[in-house]
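The structure appears right after this line, and notes come after that.
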Amino acid sequence: MANKEDHFKKVISHAKEYGYIFGSSEIYDGLSAVYDYAQNGVELKKNIREYWWRSMVYMHQNIVGIDAAILMHPTTWKASGHVDAFNDPLIDNKDSKKRYRADVLVEDYAEKLNQKAQKEITKAKKRFGDAFDEAQFVTTNPRVVKYLSQKEAALKRLAKSLENEDLADVKALIEELEIACPESGSRNWTDVKQFNLMFGTKLGASAESATDLYLRPETAQGIFVNFLNVQKTGRMKIPFGIAQTGKAFRNEIVARQFIFRMREFEQMEMQFFVRPGEEMKWYEYWKETRLKWHLSLGMGEENYRFHDHEKLAHYANAAADIEFNFPFGFKELEGIHSRTDFDLKAHEEYSGKKLQFFDPEMNESYVPYVVETSIGLDRMFLAIFSNSLKEETLEDGSSRVVLKIPSILAPVKAAVLPLVKKDGLPDIAKEIVDTLRWDFNVIYDEKDAVGRRYRRQDAAGTPFCITVDHQTLEDQTVTLRDRDSMEQVRIPIAEISTHLKDTISYQKWLS
Ligand code: ATP
């Protein structure tokens with residue numbers, strides 16, 4: 001596709017046109033950064049959730065799932081640190097009246113320097129050909145050295161001032177770097193202020209007796225407060241994990257980029273409880289295991305990379321993101337965090353209840369350490385959808401739009417098409433649908449010429465089309481068309497189900 005921005009626009013319009021994602025309450029002009037999943041979107045989302053759940057819960061003897069409530073006792077969020085520390089540093093531009101995350105302004109600035117350096121590297125690569133020594137070039141070319149060291153310096157200073165909660169210095173940095181408002185181009189900034197991201201709400205009927213609550217900003221705390229319940233009733237032994245998927249809410253200030261940053265979104269999280277001192281081993285294990293899960297979908301190794309955090313959250317002693325090559329560049333898709341014993345200890349302190357495990361091998365009780373894997377379901381959706389949408393030029397010079405969603409995740413697995421609407425072909429096609437629907441989400445489609453129906457299914461992401469024609473009447477065979485290769489093979493009706501099961505099985509994809 002032409003360029004990235006263009007591609008991203010196509011992703012958004014395609015998602016609407018093919019029934020994947022609608023803006024929330026669109027008839028009232030929508031609600032910013034809130035989205036609805038449509039008839040195909042809900043299937044893709046459910047399939048991603050299932051793919052994650054199976055790999056985390058069913059494929060690990062020592063991981064079980066829960067589904068905790070969105071509303072939790074308000075003290076939860078004091079203990080977790082969210083009341084005091086779940087803030088974004090914000091800055092307003094006085095001319096455009098636009099509000100920005102101060103850290104993101106600096107990070108974007110650093111990324112621009114990075115891109116400048118990369119441009120120089122690409123140019124040199126072309127110029128020197130095979131003789132090019134990138135490592136040497138990066139450390140000796142004066143321009144590249146300058147760009148990269150400026151970038152490092154900016155990020156280091158940002159990390160330090162955020163860590164020291166020195167917001168005046170964050171503003172000073174923005175001024176020194178001469179960062180201008182992307183909207184107005186002006187450098188007329190307000191002071192930097194902290195803004196809490198949690199949504200508040202009230203429990204109870206009367207104004208006097210109502211309790212202030214928060215909508216959970218992460219699903220993890222529902223797991224921590226249930227740690228001992230699950231451990232005891234499930235007779236779990238350390239190391240073990242608790243997995244959960246569910247909605248989380250954040251009053252994001254800069255909510256752009258479609259479903260990448262939403263105010264209401266869904267997380268898929270797993271908290272893995274380990275012996276103190278063994279957390280780094282498990283942290284490395286989960287980094288590797290999660291990357292493998294992503295790669296199992298076949299969306300290209302080059303589209304993923306790790307980003308190790310320099311600035312750690314208040315609860316972590318190590319953290320890395322798995323970044324994905326979104327249409328707007330590499331961005332966080334999943335976080336793997338070594339959360340120490342911060343959360344369980346804090347809940348012990350605030351609740352006065354012990355949250356410890358008696359380790360029979362060590363003959364002692366301790367508060368376990370936690371390694372967390374946390375992925376946004378909606379972000380995963382966007383990764384898959386944007387990566388799958390392709391415009392292809394065919395051999396005959398025509399073009400097609402195709403949504404190459406991994407077949408295990410595709411909303412509809414097959415469309416059954418009678419070649420014509422007569423001669424008994426529709427009846428056979430409907431019978432095939434009736435048989436397949438026990439195992440797969442399949443649809444029947446008889447409208448328009450068959451070529452147009454193929455194109456429609458390509459664009460909707462359906463991996464297989466099964467066509468019933470006049471030969472079917474004679475020998476009980478159909479054509480099976482593959483979305484990606486567009487190849488057609490003739491197979492007996494009796495073999496369709498086995499064929500689909502062979503290609504679309506969790507075993508095949510997850511192993
Ligand atoms: P970011 O830096 O992008 O704001 P984060 O580091 O705050 O993300 P975490 O708190 O680690 O994110 O949340 C875990 C995962 O939840 C993220 O990797 C992301 O996939 C997802 N996520 C977080 N915030 C949002 C959001 N506003 N919309 C959609 N997904 C989100």
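The values are calculated or read from the model by the stated rules, or taken from the named source; none is laboratory data. All values derive from a computational prediction rather than experimental measurement. So basically every Cβ, Gly included, is an ideal-geometry build from the backbone, and we count neighbours across all protein chains shown. In case anyone asks, the SASA skips ligands and DNA or RNA and just uses the protein heavy atoms, side chains included. Shrake-Rupley method; radii C 1.70, N 1.55, O 1.52, S 1.80 Å.
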> Given 0.36 nm per residue, what is the gain on full extension from Lys125 to Leu228 after removing their alpha carbon distance, in nm?
Replying inline: 31.4 nm
> Any idea what angle helix 450-460 forms with the longest principal axis of the chain, computed on alpha-carbon atoms, 0 to 90 degrees, nearest 10?
Replying inline: 10
> What are the ³J(HN,Hα) values, in whole Hz, obtained from phi via the Karplus relation 6.51 cos²θ - 1.76 cosθ + 1.60 with θ = phi - 60°, for each residue of region 24-34 in sequence order, with x given for Gly and Pro?
Replying inline: 5, 6, 4, 5, 9, 6, x, 10, 5, 6, 10
> If you line up the long axis of helix 493-503 against the longest principal axis of the chain, both from Cα atoms, how many degrees apart are they, to the nearest 10?
Replying inline: 20
>> Please give me the summed charge of the neighbours of Asp475: other residues whose Cβ is under 13 Å from its Cβ, Lys and Arg +1, Asp and Glu -1.
In response: -2
>> Can you work out the Karplus-derived ³J(HN,Hα) for every residue in region 464-479? Use 6.51 cos²θ - 1.76 cosθ + 1.60 with θ = phi - 60°, whole Hz, and x for glycine or proline.
In response: 10, 10, 10, 10, 9, 10, 5, 5, 4, 4, 7, 10, 6, 10, 10, 9
> Within the set Lys45/Lys354; Lys98/Lys171; Lys281/Lys311, which residue pairs have Cα atoms separated by over 26 Å?
Replying inline: Lys45/Lys354
> Based on the Cβ-Cβ distance from Arg187 to Lys156, what FRET efficiency comes out when R0 is 35 Å, to the nearest 0.05?
Replying inline: 0.95
>> If packing is taken as the average count of other Cβ atoms within 10 Å, what order do 205-214, 158-167, 411-420, 318-327 fall into, highest mean first?
In response: 411-420, 318-327, 158-167, 205-214
>> Can you give the FRET efficiency to the nearest 0.05 for Asn164 and Met486, using r as the Cβ-Cβ distance and R₀ = 51 Å?
In response: 0.30
> Val478's amide H: which non-local residues (gap 5+, or another chain) put their own amide H closer than 5 Å, with H modeled 1.01 Å from N in plane and none for Pro or chain starts?
Replying inline: Ile491, Ile493
> Taking amide hydrogens as modeled 1.01 Å from N in the peptide plane, which residues meet the under 5 Å criterion relative to Met198, leaving out close sequence neighbours?
Replying inline: Asn251
>> Around Val420, under 11 Å between beta carbons, what's the net of Lys plus Arg minus Asp minus Glu among the other residues?
In response: -1
>> Quick check: with the 1.4 Å probe, what order do Ser505, Ser399 take by accessible area, largest first?
In response: Ser399, Ser505
> Is region 80-137 rounded, prolate or oblate when judged by the Cα gyration tensor, a ≥ b ≥ c being the square roots of its eigenvalues, rounded requiring a/c under 1.5 and prolate requiring a/b larger than b/c?
Replying inline: oblate
>> I'd like the Karplus ³J(HN,Hα) series for region 88-104: coefficients 6.51, -1.76, 1.60, θ = phi - 60°, whole numbers in Hz, and an x wherever there's a Gly or Pro.
In response: 10, x, 10, 9, 10, 8, 5, 8, 8, 6, 8, 10, 10, 7, 4, 5, 5
> Sequence-distant or interchain residues sharing an amide H contact under 5 Å with Glu334, placed H: which?
Replying inline: Ile322
>> Set the bar at 18 Å for Cα to Cα. Now go through Lys4/Lys331; Lys10/Lys390; Lys16/Lys390; Lys78/Lys160 and name every pair that lies beyond it.
In response: Lys78/Lys160
>> I want to check the label-to-label distance for Asn363 and Glu17. Put each point 7 Å from Cα in the C-beta direction and report it in nm to one decimal.
In response: 7.1
